[in-house]
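Reading through the C-alpha cells given below for one structure.
What follows is calculated from the coordinates using simple rules that are stated; it is not laboratory data. Keep in mind the model is a prediction, meaning the values are calculated, not measured. Cβ atoms come from the backbone with ideal geometry, glycine included; neighbour counts cover every protein chain shown.
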Amino acid sequence: MTAPPTYSSHATATLEHARMLDHGDAFPTLRPRFHVPLDAEGREIAYFSGNSLGLQPRATEAELLTELDTWARLAVDGHFDGPHPWMRTHEEVAAPLARIVGALPSEVVAMNTLTVNLHLLLVSFYRPEGRRRKIIIEEKAFPSDQYAVMSQLRFHGCDPEHDLIELPLSEDGLFDRQRALDLIHLYRDEAAMLLLGGVNYYNGQLFDIPALIDAAHAAGMVAGLDLAHAAGNVPLHLHEWNADFAVWCSYKYLNSGPGGTAACFVHARHEHAPDLPRFSGWWGHDPATRFAMPRQFMPAPGADGWQLSNPAVLPMAALRASLALFEEAGMPALRAKSLRLTGWLEQLLRAGQRDTWSIITPADPEQRGCQLSIRLHERGRACFDHLHRQGIVCDWREPDVIRAAPVPMYNTFEDVWRLADAFHTFWRDSAV
C-alpha cells in the first residue's frame, strides 16, 4: 500500500503543497462528479461528513428522471419494459454491491432500510435455546443496533440486563483484539450470536473481523455484522470470512441519498438450510412461480429470498448512480487513496497543540477506515462551530467528539489542509 505523504512541519504544509499533492495523486479525484454545497461566500465547502450522509452524485438526477419518464410513458408496463425494467431493478445492483463487500452476487440483496434488515435477519439467525441465549455486541455500538438487539432479546423472553454482553472498550477508548477473543471464549456455552459493527461508528476503529468471526464460530455462535460504517469504506471479504449474515445502509459511503435503500448479505451455505425460519413476503418468493400466486411460500434462491415487497424504484435508481462510480474506481484504488488522505490529516492534526484534544481512532491505518474521531477536552462545541463557519462540515457527537471522514471519492488534499489549518487556527487564537 502507498504510504501517506509526509512533511517536515505544520508550517510547510501549505495550501500550495496540498494542491501539489492533489495534482500528482495516483487516483484523480471524482469530486467533479458530485454536487458539493457552497458556503456563504460561494466557495465549495470541505465536506467531511460522508460517514453520516454522502454527497449526491451528479448522475443521480438523470437516473431518477429516467424512472419518472418510464412511469409517465409506460405506467405498469415499466415493470417489464424501459431502460431498467422494475421487475429486475434489485438484480442490477447485486453484483456491484457484492464486489464492494466481497460476496457472491447471489448472497447480496438491496432492500428496505438497515434496521429493518437487521430485524429480519435476527428472526432467522438468533435462535436462543437452553443456556445459549446471549448476544454479544460492542460497547458503544450504534444505538439502533442496541435497540434492535434488546427488543429481540425481550421478544424471546430474555433479559437484556443479563443476556446482552458488550465487548468492553479499553481505557484508551478502543477495543482490544485479545480481550474481545477472550470474552467470546468466556461465553462459549451461553452466547448464541456475535453481532459486530465492522467499523465502530464512534471511534472509527476497524475490527479484526475475520478473527472475531472465526472465534465466534469456534464457540458455536452465529456471526453477524452491521457494516453501516464499513461498506464502501474499507476492504471486505464476507464470503471468504464466512460471515453468517451482514446488513448495511447505503446513504453514507455509498451515496444513495437520505433514507436510501439498504442491503444485506446471507452466506451461500445458508441457502438451503431447512430449519432456518424467516419472515416471508411476495417478492421473496421464487420468481419462477411468483406470478402464479401460489398459496405456499417458496423462497427465491440466495439472499433474494429474504425480500418482502417489491423494490422502491426511485431509491434504487439513486443507488445505481453511485454504484456506477464504485465500479469505475474500484475498492482497491479507493482504499489506497483513503489511506493517503486520512494519513495526511492525522499528520497535520498531530503537528499542532495536543493538550486540549486527542485522536481516539487507532493510529494504525490497518485498524481504521477514513474516519478520525477527535476528542476535545475543552471547548469542543466551540471548535466544531468554528469549523462550520469556515465552510468545513464535520460531525459532532455528544459530549465531546468531532468525527471527520476524508472520503476518497470526493475529498481532496486541499480539503484536508483546510480542516487542519482551521482547527489549529482555532486553538492558536484561543490561547491568545
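Under a Gaussian network description of the chain, with springs only between Cα atoms under 10 Å, the residue in PRO299, PRO83, PRO168 that fluctuates furthest is PRO83. Measuring r between the beta carbons of ALA333 and HIS185 and using R0 = 35 Å, the FRET efficiency lands at 0.35. Each Cα pair of the chain feeds into the Kirkwood radius, which the Stokes-Einstein equation turns, at 10 °C and 1.306 mPa s, into a diffusion coefficient of 70 µm²/s. Taking other C-beta atoms within 10 angstrom as a stand-in for reagent exposure, GLU171, GLU16 fall in the order GLU171, GLU16, fewest first.
Excluding same-chain neighbours fewer than eight residues apart, the aspartates and glutamates reachable from LYS337 by a Cα-Cα span under 19 Å are ASP22, ASP25, GLU327, GLU328, GLU346, ASP364, GLU366, GLU414, ASP415.
Within straight-line reach of LYS140, meaning a Cα separation under 16 Å, sit the following aspartates and glutamates at least 8 residues removed in sequence or on another chain: GLU161, GLU166, GLU171, ASP172, ASP176, ASP226, GLU398, ASP400.
In a reduced charge model with +1 at each Lys and Arg Cβ and -1 at each Asp and Glu Cβ, the stretch 178-292 shows a dipole moment near 360 debye about its Cα centre. Result for the chain in a Gaussian network model with C-alpha springs under 10 Å: among SER373, SER358, SER49, the largest mean-square fluctuation is at SER358.
Take the alpha carbon gyration tensor of the stretch 115-253, find the square roots of its eigenvalues, order them as a ≥ b ≥ c, and report rounded if a/c is under 1.5; if not, report prolate when a/b exceeds b/c, else oblate.
Working: a/c = 1.39, a/b = 1.21, b/c = 1.15.
The shape class here is rounded.
Which peptide among 98-110, 282-294, 327-339 comes first, and what is the full order, when sorted by highest mean count of other Cβ atoms within 10 Å? It would help to have the intermediate numbers written out before the result.
Values: 98-110: 22.9, 282-294: 13.9, 327-339: 17.1.
Top of the packing list down: 98-110, 327-339, 282-294.
Among GLY220, GLY82, GLY391, the largest mean-square fluctuation in a Gaussian network model of the chain, built with springs joining Cα atoms closer than 10 Å, belongs to GLY82. Charge dipole of the chain (Cα centre as origin; +1 on each Lys and Arg Cβ, -1 on each Asp and Glu Cβ, all else neutral): 140 debye, rounded to the nearest 20.
If you take every DSSP beta bridge fully contained in the chain, what fraction is antiparallel? Give it as a percent rounded to 5. All intermediate terms of the calculation are to be shown ahead of the outcome.
Details: 25 of 43 bridges.
Bridges in the chain that DSSP calls antiparallel: roughly 60 percent.
Karplus-derived 3J(HN,Hα) values for the stretch 382-394, using 6.51 cos²θ - 1.76 cosθ + 1.60 with θ = phi - 60°, are 5, 5, 4, 5, 4, 4, 4, 5, 8, x, 10, 9, 10 Hz; glycine and proline are entered as x.
Amide hydrogen proximity for LEU225: with H placed 1.01 Å from N in the peptide plane, the residues at 5 or more positions away or on another chain lying under 5 Å are LEU196, PHE245, ALA246, VAL247. Check GLU138: other-chain or 5+ apart residues with amide H under 5 Å from its amide H, H built from backbone geometry? Here LEU167, GLY197 satisfy the definition. Return the whole-Å distance between the Cα centroid of the stretch 365-384 and the Cα centroid of the stretch 202-233. One Cα centre to the other: 23 Å.
Once the Cα-Cα distance is subtracted from the 0.36 nm per residue extended length, the ARG379 to ASN242 segment shows a gain of 44.8 nm.
When a/c is below 1.5 the answer is rounded, else prolate if a/b is larger than b/c, else oblate, so apply that to the stretch 1-154 with a ≥ b ≥ c taken from the square roots of the Cα gyration tensor eigenvalues. If you can, show how the numbers build up before the last one.
On the way: a/c = 2.31, a/b = 1.23, b/c = 1.88.
The shape class here is oblate.
Remark on MET111: its backbone amide H falls under 5 Å from those of ALA262, ALA263, CYS264, a criterion applied only to residues 5 or more positions apart or on other chains, H modelled at 1.01 Å from N. The packing ranking of peptides 420-431, 340-351, 70-81, highest mean first, is 340-351, 420-431, 70-81, where packing means the average number of other beta carbon atoms within 10 angstrom of each residue.
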